[in-house]
Amino acid sequence: MKRILILFLFSGFFSCKDGKEVHSINKDIKELVFASGQLEWDNSYNLTAQTDGVLQNANFEVGNTVAKGTIIATIDNQLNQINAEVAQEQLTISNKNVTVNSPALQQLQQNIQFAESKYQQDKTQAARYARLDAKDMTSKVEFENAALAAKNSLANIYALKKQYAQVLQQAK
């Protein structure tokens with residue numbers, strides 16, 4: 001420990017022995033800055049396409065002035081053409097499906113006719129069981145089942161007619 005203290009004092013003594021005065025110097029700092037970036041021209045515009053595709057031709061040169069509405073390039077994009085054709089076909093099908101003669105409405109009309117026929121049959125059957133029940137010639141369960149079937153058939157008709165009205169409303 002003593003040696004370190006002596007060495008420290010000895011080094012301090014010799015470092016201050018020089019006697020030169022130190023003055024500050026004022027100079028302009030010249031420094032180069034390296035940075036990445038992009039230079040842009042005044043009154044220049046970046047052109048981008050609204051679709052993907054292959055640029056077929058460009059009708060302009062760098063520096064040309066272009067008027068509004070001028071076609072300056074064309075893009076070949078087969079996928080957009082196919083999508084447009086498919087969309088047109090779907091529109092045609094949709095327009096057919098929203099008419100009064102649409103397949104959905106025709107199917108509902110057939111279902112209503114079938115449900116009305118079934119109701120007439122169930123109603124006739126329920127009337128038969130009512131007559132048999134009045135003469136105590138059938139069980140109460142059979143009579144109730146026949147009456148319930150007629151009631152369910154009638155409810156089915158109302159539900160189908162309501163569904164038909166909703167689809168017809170959507171078609172309009």
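Only the coordinates and a few stated rules stand behind these numbers; no lab work does. Remember, predicted model here, so these are calculated numbers, not experimental data. Cβ placement follows ideal geometry from the backbone for every residue including glycine, while neighbour counts extend to all protein chains displayed.
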*Given +1 on the Cβ of Lys and Arg, -1 on the Cβ of Asp and Glu, and no further charges, what dipole in debye does the stretch 79-172 carry about its Cα centre, rounded to the nearest 20?*
340 debye
*Setting aside same-chain residues fewer than 8 positions from Lys140, which lysines have a Cα under 19 Å from its Cα?*
Lys123, Lys151
_If you average the C-alpha positions of the stretch 21-100 and of the stretch 149-168 separately, how far apart do those two centres end up, in angstrom?_
57 Å
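Determine the sum of side-chain charges near Asn77: Lys and Arg each +1, Asp and Glu each -1, restricted to other residues whose C-beta is under 14 angstrom from that of Asn77.
-3
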_Eligible lysines near Lys30 by straight Cα distance, threshold 25 Å, same-chain separation 8 or greater_ = none
*Quick one: compute the contact order of the chain, relative version, from alpha carbon pairs under 8 angstrom and 6+ residues apart, as a percent.*
18 percent
*Please give every one of the lysines within straight-line cross-link reach of Lys172, meaning a C-alpha to C-alpha distance under 20 Å, and leave out same-chain neighbours fewer than 8 residues apart.*
Lys96, Lys161, Lys162
*What dipole magnitude, in Debye to the nearest 20, does the chain give about its Cα centre under +1 on Lys/Arg Cβ and -1 on Asp/Glu Cβ?*
1020 debye
*Could you pull out every whole DSSP H run in the chain that spans at least 18 Å of Cα extent along its own axis and averages 0.5 or higher on the Kyte-Doolittle scale?*
2-15
*Sorted by packing (mean other beta-carbon atoms within 10 Å per residue), highest first, where do 134-147, 107-120 land?*
107-120, 134-147
*Report, by chain and number, residues whose modeled amide H sits under 5 Å from the one on Thr74, excluding near sequence neighbours (fewer than 5 apart, same chain).*
Gln56, Asn57
*Scan (i) 9, 34, 35, 17, 4, 0; (ii) 7, 12, 10, 9, 9, 8, 8, 8, 8, 5, 6, 5, 4, 1, 0; (iii) 11, 37, 32, 16, 3, 0 for the value of P(r) over Cα pairs in 10 Å bins from 0, in percent calculated from this model and give just the label.*
(ii)
*asked:* At 0.36 nm per residue, and after removing the present C-alpha to C-alpha distance, how many nm does the segment from Asp76 to Gln170 gain when stretched out fully?
replied: 30.0 nm
